[in-house]
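Each remark here refers to the structure printed beneath this line.
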Amino acid sequence: MITHKTHPNIVARLKRASGHLTSVIAMLEAQKPCVDIAQQMQAVEAAITKAKRELINDHIQHCLEPGHVENPETALVELRQIAKFL
């Protein structure tokens with residue numbers, strides 16, 4: 001199994017997103033202003049997008065580059081599959 005050096009950073013990003021999401025829920029329950037809630041929701045979305053982008057880039061660099069794959073055809077299929085999430 002390949003060790004991904006970026007996974008701890010991705011986990012940290014997702015934990016921050018989780019914290020923002022918890023704040024959004026609390027803000028909704030407390031009937032805070034919609035502008036403030038939308039700002040927090042934007043932070044959640046941005047954190048998840050950045051984490052996803054980092055995960056995909058890491059996978060392409062460390063799992064799909066020449067020298068890391070046994071079968072180039074399988075790597076191409078996998079690249080197409082993961083590219084859908086960009």
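Derivation of every value follows stated rules applied to the coordinates shown; laboratory data play no part. Owing to the predicted nature of the structure, the values given are computational and were not obtained by experimental measurement. Cβ placement follows ideal geometry from the backbone for every residue including glycine, while neighbour counts extend to all protein chains displayed.
What to note about this one:
- Signed unit charges on C-beta, dipole axis of the stretch 7-83, positive-most listed residue Cys63, Ala43, His7: Ala43
- Relative contact order, whole percent, for the chain stands at 34, derived from Cα pairs under 8 Å and 6 or more residues apart.
- Only the Cβ atoms of Lys and Arg (+1) and of Asp and Glu (-1) were treated as charged; on that basis the dipole of the chain about its Cα centre amounts to roughly 280 debye.
- Rh by Kirkwood over Cα pairs, then Stokes-Einstein D for the chain at 1.002 mPa s and 20 °C, µm²/s: 144
- In a fully extended conformation the segment linking Gln81 and Ala30 would gain 14.2 nm over its present Cα-Cα distance, using 0.36 nm per residue.
- Share of pairwise Cα separations in the stretch 32-78, more than 13 Å, in percent: 65
- Pairs of lysine residues in the stretch 1-85 - Cα separation under 18 Å, sequence separation of 8 or more or cross-chain: 7
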